[in-house]
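Following: one structure in structure tokens, then a few remarks.
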Amino acid sequence: MSLIAVVTVFILAVFVGLEVISKIPQTLHTPLMSATNAIHGVILVGGLLVLGRADSDLMLGIGVAAVFFGTLNVVGGFVVTDRMLEMFKGRKRGKGA
Amino acid sequence: MNPEWIDVSYLFAAVCFMLALKLLNSPVTARRGNWLAMAGMAVALVATMLNPKIDSINLGWIGGTVLAGALIGAVAGRRVAMTSIPQMVALLNGLGGAAVAMVALFEFLDALHRGVSPPPTQAVTTVLSTVIGSISFSGSLLAFGKLQELLPGRPLTFKGQQVLNLVLVLFIAGLAFSLLVLQGPTLAAFLLLFAASLVLGVSGVMPIGGADMPVVISLLNSFTGCAAGLAGFLLMNTALLIGGGLVGASGLILTLLMCKAMNRSIGNVLFGAVGSAVASGGASAMAGRQPKSYTPEDAAILLSNSNSVVIVPGYGMAVAQAQHQVKELADKLMAMGVDVKYAIHPVAGRMPGHMNVLLAEADVPYDLLYELEEINPLFPETDVALVIGANDVVNPAARYDKSSPIYGMPILDVDKARTVIVSKRSMNPGFAGVENELFLTDNCVMVFGSAKASMSKISAALDNL
């Protein structure tokens with residue numbers, strides 16, 4: 001992929017990120033923070049790629065750390081978010097929303 | 001798998017993430033949004049494993065590590081108490097930051113080892129993702145420590161702190177310049193960069209008070225997103241670029257929304273050192289005055305004789321796990337024909353929306369919860385405001401005392417109710433470390449004790465009336 005293509009993708013992603021969060025009710029601030037926290041766990045993809053080509057003990061150690069931390073971030077993040085959102089189900093909001 | 005199919009899978013994952021954020025804007029669709037993000041993540045991870053560059057020799061390591069991480073993550077995520085969610089998010093965010101820094105470290109050592117000098121983009125993004133990832137890691141851990149009360153929640157300040165931070169920033173910038181332009185990559189400079197960034201994360205978060213931690217965590221969440229996006233440049237990986245970029249940007253917007261809910265600017269939160277002026281006017285004016293203390297039985301009589309009651313739950317209720325007792329009391333009052341409402345401050349608990357989650361856990365119906373703007377006009381017609389373990393969010397000083405660190409924060413006007421009953425463990429100041437004159441006003445009475453015990457006692461006393 002050319003550099004300019006990569007930069008384009010990144011900048012467009014940033015703009016989508018800025019636009020997609022609009023007037024969210026305060027109720028959802030915590031779950032939203034928690035969900036985006038889980039999504040940046042996508043760094044696990046990077047962790048898998050580096051661990052996959054580790055060829056010495058040192059590199060293996062660093063790769064294992066990256067994958068371990070990344071997995072905790074992804075799994076813990078999604079589980080916690082789901083637990084929070086589970087409690088909202090089937091209830092009416094007081095106003096608006 | 002054909003590399004093109006891997007990229008198609010990443011595109012699918014990216015679309016899932018974007019739609020997920022959209023669905024998370026409404027309580028009705030939020031849970032589906034989170035599931036969609038999970039699905040996208042699963043697709044991205046499976047596709048990554050099919051990348052031919054992953055050496056099958058290391059598959060055992062990958063499988064074992066992922067399994068261990070997933071197991072620990074799932075158990076911790078299921079077991080963590082709802083009251084501890086803020087620190088859990090801080091911890092997970094810190095781990096994400098650490099993962100980014102590890103990936104960057106790997107890439108750096110790899111290039112150094114092979115003696116190839118990476119293209120400028122890669123060199124710059126390696127340095128940036130190391131710095132931002134490390135700041136996010138150490139800053140989040142400190143935030144975790146403050147929220148978990150392993151460290152004092154008060155702002156920790158010392159003379160010249162701002163100068164130290166500035167020096168650190170300049171030092172990091174200098175190191176980065178040296179690494180990228182002057183000397184080229186050396187291990188010593190890189191490790192120094194790592195260490196300096198870790199220190200900056202700690203010293204940047206240290207002066208920020210515990211009550212502002214949600215904003216800090218949200219900002220560091222955005223940082224980790226940015227760092228992950230930058231790692232996408234490093235690995236030329238679209239899943240990282242888009243996932244990281246999305247979180248970096250949306251996290252920033254969320255941070256600004258949270259600041260707005262507290263009527264503060266982001267600069268004020270980060271550099272204002274709330275609470276450093278504790279010893280100002282308010283405290284001395286309160287010296288020597290005693291609050292009125294009520295027994296739970298007195299409180300029960302007062303409540304049973306009222307027509308309308310507004311319950312103001314705060315973090316004290318949450319730590320005491322008293323939400324079930326509060327609900328029981330509210331149910332009894334409602335059965336006696338008392339009109340009961342709950343007033344939820346935007347930052348009640350320790351994060352915006354945290355209190356709603358806790359009350360939902362206790363099955364409190366949603367339509368009884370009122371937000372600040374809805375409930376404040378109703379206080380003058382309210383017989384009793386029952387404040388349970390809340391402090392800073394009902395401090396009238398926020399309305400007029402310009403010397404108060406919480407001046408300007410919107411508060412619940414409980415002092416306008418005919419009587420205020422405050423359930424509190426002691427007269428200790430709240431999380432922001434500010435004294436509260438509400439407790440000494442004529443229409444306020446205190447019921448001392450843990451929220452759980454006090455609520456049970458008031459409930460029992462209601463039965464015996």
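The values are calculated or read from the model by the stated rules, or taken from the named source; none is laboratory data. All figures in this text were calculated on a predicted structure; none of them were measured in a lab. Glycine also receives a Cβ, built like all others from the backbone with ideal geometry; neighbour counts cover every protein chain displayed.
For segment B:27-69, enumerate the residues that are of a type in the set (Gly, Ala, Ser) and either surrounded by fewer than 17 Cβ atoms within 10 Å (Cβ to Cβ) or under 17 Å from B:VAL247 (Cβ atoms) (or both). The answer is B:ALA30, B:GLY33, B:ALA37, B:ALA39, B:GLY40, B:ALA42, B:ALA44, B:SER56, B:GLY60, B:GLY63, B:GLY64, B:ALA68.
Checking each residue in segment B:361-389 for being closer than 15 Å to B:ARG418 by Cβ and either modelled with pLDDT under 90 or of a type in the set (D, E, K, R) (or both) picks out B:GLU381, B:ASP383. For the structure I just gave you, tell me whether B:SER426 is closer than 28 Å to B:LEU333 by Cα and in a helix (DSSP H, G or I). No, not satisfied.
When A:GLY41 is tested against the conditions (1) part of a helix (DSSP H, G or I); (2) more than 13 Å from the chain's Cα centre (by Cα); (3) under 30 Å from B:ASP55 (Cα atoms), the lone failure is (2).
Examine segment B:320-328 for a residue that is in contact with a Phe, Trp or Tyr (Cβ under 8 Å, 6 or more places away or on another chain) and closer than 30 Å to B:VAL216 by Cβ, and state whether such a residue exists.
Applying the first criterion (in contact with a Phe, Trp or Tyr (Cβ under 8 Å, 6 or more places away or on another chain)) to segment B:320-328 yields none.
Within segment B:320-328 (the criterion being in contact with a Phe, Trp or Tyr (Cβ under 8 Å, 6 or more places away or on another chain) and closer than 30 Å to B:VAL216 by Cβ), the answer is no, since none of the residues qualifies.
Does segment B:261-269 contain at least one residue that is within 10 Å of chain A (Cβ to nearest Cβ), at pLDDT below 80 and more than 18 Å from B:SER140 (Cβ to Cβ)? The answer is yes; a qualifying residue exists.
Selection of first residues in segment B:103-114 that are part of a helix (DSSP H, G or I) and of second residues that are surrounded by 24 or more Cβ atoms within 10 Å (Cβ to Cβ) and among the polar types (S, T, N, Q), restricted to Cβ pairs under 7 Å at least 6 apart or on distinct chains, gives the following pairs, ordered by first then second residue: B:ALA104/B:THR126; B:ALA104/B:SER129; B:ALA104/B:THR130; B:LEU105/B:THR130; B:GLU107/B:THR126; B:PHE108/B:THR126. Within this structure, B:ALA76 passes the test of being free of Cβ contacts under 8 Å to residues at least 40 places away in the same chain and either assigned to a helix (DSSP H, G or I) or touching a strand residue (DSSP E or B) at 6+ places or on another chain (Cβ under 8 Å) (or both). A Cβ distance below 9 Å, combined with a sequence gap of six or more or placement on separate chains, defines the contacts here; from segment B:30-55, residues that are more than 14 Å from A:VAL42 (Cα to Cα) and facing chain A (nearest Cβ under 7 Å) reach residues that are in a loop (DSSP other than H, G, I, E, B) and of a type in the set (D, E, K, R) in the pairs B:ARG31/A:LYS89; B:LYS53/A:ARG53; B:ILE54/A:ARG53; B:ASP55/A:ARG53; B:ASP55/A:ASP55. Restricting attention to segment B:205-219 and to residues that are touching a Leu at 6+ places or on another chain (Cβ under 6 Å) and assigned to a helix (DSSP H, G or I), the residue that is surrounded by the most Cβ atoms within 10 Å (Cβ to Cβ) turns out to be B:SER218.
What's the number of the only condition in (1) touching a residue at least 24 places away in the same chain (Cβ under 8 Å); (2) within 13 Å of B:PRO313 (Cβ to Cβ); (3) surrounded by fewer than 24 Cβ atoms within 10 Å (Cβ to Cβ) that B:TYR342 fails to meet? (3) is the only condition that B:TYR342 fails. Scanning segment B:220-254 for residues being surrounded by fewer than 24 Cβ atoms within 10 Å (Cβ to Cβ) and more than 7 Å from every other protein chain (Cβ to nearest Cβ) gives a total of 1.
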